[in-house]
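The values are calculated or read from the model by the stated rules, or taken from the named source; none is laboratory data. In this text, all values refer to a predicted model and were calculated from it rather than measured experimentally. No Cβ is skipped: glycine too gets one built from the backbone with ideal geometry, and neighbour counts run over all protein chains shown. Ligands, DNA and RNA are stripped out before the accessible areas are found, and what is left, the full protein with its side chains, is counted by its heavy atoms. Shrake-Rupley method; radii C 1.70, N 1.55, O 1.52, S 1.80 Å.
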Amino acid sequence: MSNRRKQSTTVGIFLCITISAVFLFSGDVSALGVNWGTMATHQLPPKTVVQMLKDNNVKKVKLFDADTNTMVALAGSGIEVMVAIPNDQLKAMGSYNRAKDWVRRNITRFNDDVKIKYVAVGNEPFLTAYNGSFINLTYPALFNIQKALKEAGVGDFIKATVPLNADVYNSPLENPVPSAGSFRQDIFEEMKLIVNFLAHNKAPFTVNIYPFLSLYLSSDFPFDYAFFNGQNTVSDNGVIYTNVFDANFDTLLASLKALGHGDMTVIVGEVGWPTDGDKNANIPNAERFYTGLLPKLAANRGTPMRPGYIEVYLFGFIDEDAKSIAPGNFERHWGIFKYDGQPKFPADLSGAGQKKILTGAQNVQYLQNQWCMLNPDGLTFSNNTNQLGDNVNYACTFSDCTALGYGSSCGSLDEVGNASYAFNMYFQVQNQKAEACDFEGLAIITTRNISREQCNFPIQIGDPTSGHSDHNHRFIGLALVRILLLFMAL
């Protein structure tokens, strides 16, 4: 899933945006898959994540790269895999020799042991937020990768596709209904090339749809329409839509039909709901969303334009505390599992509608039971409130403070609580090194859990002995960091 998303406003209430975690549904959601992102400061071992996939009957996984450690962990698992080429490699893939080398290193090398099904060429490369940076790079990369797959003898069963954001298509303002959908005019020729190429190679069109973003980006969006059990309905020439997911999907189908490919296979590459970082990003809403989505997919109800089975990848599997928050603070909270691999809420991945606790990561190691907090006496030595603010900002620059935002799980903390939360998040990211809980004398380490009501002050995963450090390096390390900050500010 892209770190930058932007929802098209021209589809009205019909367009929503991206979604991440994978499901293949065949009568039920037993062939489950998920988006496995790795933008985290502390990652669970790949073998642990693969075991989580197996324990929860996940049959498919969508990656955002082709990391060797991840591929090795997936070897022999039987899990179907979509590997990926990041956007920053698209230009290089414009060279056929580079594309052949990439296929050799990342596909044929693992093909006997890893069940590779797709190669994702880029990730939402046509986002309007990218200002056209990848428009001329995507199709050549797609062409070369599929050609290289064929030359390697795997092109008949491994297909290249391009995961695209739902902002590549829209409906006109004067007729904002799914049946009027078409691809954006600024990328129309590129989309025609890509769609025709996918059709020729019998490869799927991959789209990311995010009902949550419809709410986030428009205060006028009807709340219940983002879910699957609300009372809001929209009529498209007599066809009734009860949720934005169906409307968005069918807007794409209409866009494909306009190019002569209305029967093209469509994969939903990402769909999900975040649990923190915004007033609508919380566990009750996420649970409501999945409680509606999973039975719908298991029953193969499809959409008004395309009843039946839809292959869907849910986003995401595990929270990622190092993702860009340019689109919003919620970006780090899409997982159905927390950073430590523990489930956030009950979810019946079979689609039967029962409340089941997912199987979390086993034998997880945590750092020591200690936290960093604002020194109660620290501020008595200085009346400079800017000093506190500067240190809080520093801590949040290099750690995840998204839970402190308005409407978020820790959004109601007072000044002392905010400072302690920020200091602790930095302390944990730095593996509880003593020098990471100083902040010019404003902070102290405590063994008392300082979590408050709904606001959890976490302890990071990792080797519990990793926090022991040589105090002689304390000032050298802090000085280097501050020099780096000064350089970045220039």
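Determine whether the range 378-401 contains at least one residue that is open to solvent by 60 Å² or more (accessible area, probe 1.4 Å), of a type in the set (D, E, K, R), in a loop (DSSP other than H, G, I, E, B) and farther than 20 Å from F330 by Cα. So far as the range 378-401 goes, no, none of its residues is open to solvent by 60 Å² or more (accessible area, probe 1.4 Å), of a type in the set (D, E, K, R), in a loop (DSSP other than H, G, I, E, B) and farther than 20 Å from F330 by Cα. For the range 95-109, give me the residue count where each residue is open to solvent by less than 20 Å² (accessible area, probe 1.4 Å) and within 19 Å of K62 (Cα to Cα). Going through the range 95-109 one residue at a time, the tally reaches 4. Looking only at the range 171-181, decide whether some residue is crowded, with 24+ Cβ neighbours inside 10 Å and part of a helix (DSSP H, G or I). Yes. Residues of the range 402-429 that are closer than 19 Å to T446 by Cβ and open to solvent by 40 Å² or more (accessible area, probe 1.4 Å): D414, E415, V416, N418.
Among residues of the range 283-301 that are closer than 13 Å to I336 by Cβ, those with a beta-carbon under 7 Å from a residue that is buried (at least 19 other Cβ atoms within 10 Å of the Cβ) and hydroxyl-bearing (S, T, Y) at least six positions away or on a different chain give the pairs I283/T275; A286/T275. Being hydrophobic (A, V, I, L, M, F, W, C), within 11 Å of the chain's Cα centre (by Cα) and within 15 Å of A403 (Cβ to Cβ) is a property that does not hold for W273.
Across the range 430-468, the qualifying residues are those that are among the acidic types (D, E) and modelled with pLDDT under 95, and the one among them that is most open to solvent (accessible area, probe 1.4 Å) is E453.
Considering each residue of the range 360-368 in turn, none proves to be open to solvent by 10 Å² or more (accessible area, probe 1.4 Å), within 17 Å of N35 (Cα to Cα) and not in a loop (DSSP other than H, G, I, E, B).
A Cβ distance below 6 Å, combined with a sequence gap of six or more or placement on separate chains, defines the contacts here; from the range 44-55, residues that are touching a residue at least 12 places away in the same chain (Cβ under 8 Å) reach residues that are open to solvent by 20 Å² or more (accessible area, probe 1.4 Å) in the pairs P46/N69; V50/S77; D55/T359.
Selection of the range 30-49 for residues being β-branched (V, I, T) and open to solvent by 10 Å² or more (accessible area, probe 1.4 Å) yields T38, T41, T48.
Consider R306 carefully, then state whether it is open to solvent by 10 Å² or more (accessible area, probe 1.4 Å), charged (D, E, K, R), at pLDDT 95 or above and in a loop (DSSP other than H, G, I, E, B). Against the criterion (open to solvent by 10 Å² or more (accessible area, probe 1.4 Å), charged (D, E, K, R), at pLDDT 95 or above and in a loop (DSSP other than H, G, I, E, B)), R306 qualifies. Within the range 434-447, is even one residue within 29 Å of the chain's Cα centre (by Cα) and in a loop (DSSP other than H, G, I, E, B)? Scanning the range 434-447 turns up no residue that is within 29 Å of the chain's Cα centre (by Cα) and in a loop (DSSP other than H, G, I, E, B). Selection of the range 334-350 for residues being out of contact with any strand residue (DSSP E or B) (no Cβ under 6 Å at 6 or more places or on another chain), under 20 Å from F212 (Cα atoms) and touching a residue at least 60 places away in the same chain (Cβ under 8 Å) yields W334, I336, K344, F345, A347.
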